[in-house]
Structure formats: structure tokens, C-alpha cells
Amino acid sequence: MRMLGLFFIGLCLFTSCSNRHATIIARSGVTTTMPVATSQTVVSSMTIAIPEKAVDLTGLSSVTVIIEDNSFSERIIVVSPGTVITWVNEGRNTHNVTPAAKNLEPGWFPPLNEDLLFPQGSATLTFDEPGAYPYYCTFHGTATRGQTGQVIVRNS
């Protein structure tokens, strides 16, 4: 009976989360809205530590992160909610942008794979909710080592 009660409480919490989303704009100009981790409300109320090496880009409406061979031009960026972030593959290798967080955990976002796979590819994502969104390239790293980056979204 206790397990059933815990299951019911968990189900209620899961279904009551607000509709969070991220917008992906593919190279073709088609805009797709996809869900972002529903637990972002927890992250929104937390204090986010900003590393010294972070590049503060708050207040800009759009930002471009250049992907070079085995690195991101700006590894850690700080942006305002609603900033349009475009990753451009200027390297000679294939790349992608994959969330380090697992599906629906805080910091998760839809992976950007298709449009970045080949050189000169690009993909765009808009983060609407404050939080920390670590990512990496699955071809040249892991969630914690190698070609990694992070978007930190904070209210200005």
C-alpha cells in the first residue's frame, strides 16, 4: 500500500509539471518546439555557480558557438532566457551537441545531431528556462571529458 501511495504521489508530481520547451530551428528554417526536462522548475529556484572561465553573453538576443576540430570556441557561455544559440561546425570532422544530462533530468535538452554532423552544418536552440545545460560531442568526448561545453541560462 505504501508503494502504491508513493507511486501515486510521483505520478501527480510528474503530470503537474508545467509545459517547458526548447525551440530548435533547423538549417531549412523549419522551427520545431520540443519538451525540455519537466523538472527544470527545481533548477530554476537553485543558485547556479558560474565558473570563472565562463563568457558572459547575457543581454544578447543571439549567440554563435563555433565548433572546431575537437573543441567549442566558447566552452562555457552565460546567456539570458530566450537567447538564440547557434552552433556552427567549422571543423573538418563530424560533430554534434548532446546533453550531458539524461532525458528529463535537470539540464536535459533535445540533442542537436542531424544538422551538425558534417562540416559547415549548423543547428539552433533557444533555452527559455534558467539553469545549467552541460553538453558534449559524442564523437570527441564523453559527458565529463573531451569536447565538452555548457550553456548557463540566468536572469539578467
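Observations on the model:
- Those residues of the range 91-118 which are aromatic (Phe, Trp, Tyr) and closer than 17 Å to residue 144 by Cα, in sequence order: 108, 109
- Residues that are touching a residue at least 40 places away in the same chain (Cβ under 8 Å), over 22 Å from residue 60 (Cβ atoms) and in contact with a Pro (Cβ under 6 Å, 6 or more places away or on another chain), drawn from the range 91-118: 98, 100, 108
- Residues that are among the aromatic types (Phe, Trp, Tyr) and in contact with a strand residue (DSSP E or B) (Cβ under 7 Å, 6 or more places away or on another chain) were ranked within the range 119-156; the one that is farthest from residue 59 (Cα to Cα) is 136.
- Output for the range 122-146, where each listed residue is of a type in the set (Gly, Ala, Ser) and crowded, with 21+ Cβ neighbours inside 10 Å: 123, 131
- Of the residues 88, 65, 78, the single one that is touching a strand residue (DSSP E or B) at 6+ places or on another chain (Cβ under 6 Å), in a strand (DSSP E or B), free of Cβ contacts under 8 Å to residues at least 60 places away in the same chain and within 22 Å of residue 145 (Cα to Cα) is 88.
- Verdict on residue 117 being under 15 Å from residue 138 (Cα atoms) and surrounded by fewer than 20 Cβ atoms within 10 Å (Cβ to Cβ): yes
- Test: residue in the range 72-84 that is touching a helix residue (DSSP H, G or I) at 6+ places or on another chain (Cβ under 9 Å), at pLDDT below 95 and more than 15 Å from residue 153 (Cα to Cα): no
- Checking the range 56-63 against the condition returns a match, with at least one residue being surrounded by 14 or more Cβ atoms within 10 Å (Cβ to Cβ) and in contact with a Leu (Cβ under 7 Å, 6 or more places away or on another chain).
The values are calculated or read from the model by the stated rules, or taken from the named source; none is laboratory data. Just so we're clear, the structure is a prediction, and the values are computed from it rather than from any experiment. Positions of Cβ are backbone-derived with ideal geometry, glycine not excepted, and every protein chain shown enters the neighbour counts.
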